[in-house]
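The values are calculated or read from the model by the stated rules, or taken from the named source; none is laboratory data. Small disclaimer: the values here were computed from a predicted structure and weren't measured. Neighbour counts run over all protein chains shown; Cβ positions are idealised from the backbone, glycine included. All accessible areas refer to the heavy atoms of the entire protein, side chains included, with ligands and DNA or RNA removed. Shrake-Rupley method; radii C 1.70, N 1.55, O 1.52, S 1.80 Å.
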Amino acid sequence: MLNRLRPFFARLLRPVGETLARTPITPNMITAAGTVGVAIGALWLFPTGHLFAGTLVCWGFAMFDMLDGLLARMKGTTGSWGAFLDSTLDRIGDGAVFSGLAIYLARDHQPVLACVALYCLVAGGLVSYARARAEGIGVRADVGVAERSERLVVVLVAAGLTGLGVPFVLAIGLWAVALGSTVTFGQRVWVVRKAVGPGSGEPGAERERERS
């Protein structure tokens, strides 16, 4: 759903990309810097209770996720390595956000909600893995009500509003992400199940299962 807004943000970031394109800065540098920024903001500011500041830092560096792709296209350096690095480092950023919130909630004596945050982390990883594994066997499984962008926006908005003193919104946001991630994982599993069928007996399938 939020992917429809990407053209708008691309136009917004284009002047920054054009400036960076004239420098030695590479898209991979932008990707790494964005991940480090998100991790620092989430693991330093969230656990210490600075939810609004942490949200601003994470949101700002999360925009690098769009800037690196824009810069790669401008420099003509798009490729498999950049795509792999971007996707892999996204998992680190997501882990930092939900781990930081889980630590904050545990320190704030909200153990149930801390567990929900950890569940969101695990479920989000499963959603991404299901898509990657499906593509590995030739099935497109990019469906779902809660893709990465939706999950990140919901949890960061909820954290930011909580930092401003709005009650209950973080709990609502985390439960929504948990439910959405679960549904999305189920949707992707179902897409693959329909595409390949049970016991399809493809050559090498058992060996792939053993290695995964």
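Filtering the stretch 141-151 to residues that are closer than 13 Å to Ala176 by Cβ, assigned to a helix (DSSP H, G or I) and at pLDDT below 90 leaves only Glu150. Looking across the stretch 45-76, the residues that are loosely packed, with under 15 Cβ neighbours inside 10 Å and over 28 Å from Gly160 (Cβ atoms) come down to Arg73, Gly76.
Restricting the first member to the stretch 10-31 and to residues that are within 13 Å of Met63 (Cα to Cα) and open to solvent by 50 Å² or more (accessible area, probe 1.4 Å), and the second to residues that are of a type in the set (Asp, Glu) and part of a loop (DSSP other than H, G, I, E, B), no beta-carbon pair is closer than 8 Å while six or more apart or on different chains.
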